[in-house]
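Enquirer: My questions will all concern the structure given below.
The values are calculated or read from the model by the stated rules, or taken from the named source; none is laboratory data. Here the structure is a predicted model, which is why all the values come from computation and not from measurement. FYI the Cβ positions are ideal-geometry reconstructions off the backbone, even for glycines, and counts take in every protein chain you see.
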Amino acid sequence: MTTNNLTPPELRGAVWRKSSYSGGNEGQCVEVADLTTAPSAGQRGVRDSKNPGGPALLVPEAVFTAFTTGLKAGAFGI
């Protein structure tokens, strides 16, 4: 996993969606995008919706899926 300031060409085609678990206006806003174009294909982008021009975390699809599956199963005690 790496943190990068992504330039517009790297985000071409990305459709960001806000997590249904993000708090309303309480400052807990996360957006996720399926990245389908090179060089980021096969990864998910995760960013702070309040700072869309800021850094985004790039996570391989399999790692993101394992993480969200673990969250749903209560594996992290949250």
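Enquirer: Filter the range 55-68 down to the residues that are in contact (Cβ under 8 Å) with a residue 40 or more places away in the chain and either among the basic types (K, R) or closer than 16 Å to S22 by Cβ (or both) and list them by number.
Expert: In the first step, residues of the range 55-68 are kept if they are in contact (Cβ under 8 Å) with a residue 40 or more places away in the chain; the result is 55-60, 63.
Within the range 55-68, A56, L57 qualify.
Enquirer: Evaluate the following for G45: is it closer than 19 Å to W16 by Cβ and at pLDDT 85 or above?
Expert: yes
Enquirer: Of all residues in the range 32-48, which are out of contact with any Pro (no Cβ under 8 Å at 6 or more places or on another chain), touching a residue at least 12 places away in the same chain (Cβ under 8 Å), assigned to a loop (DSSP other than H, G, I, E, B) and within 16 Å of T65 (Cβ to Cβ)?
Expert: T36
Enquirer: How many residues does the range 26-77 contain that are of a type in the set (V, I, T), closer than 12 Å to A14 by Cα and touching a Gly at 6+ places or on another chain (Cβ under 9 Å)?
Expert: Final tally of qualifying residues: 3.
Enquirer: Ok, one more. Looking only at the range 51-78, which residues are in a loop (DSSP other than H, G, I, E, B), at pLDDT 85 or above and surrounded by 12 or more Cβ atoms within 10 Å (Cβ to Cβ)?
Expert: none
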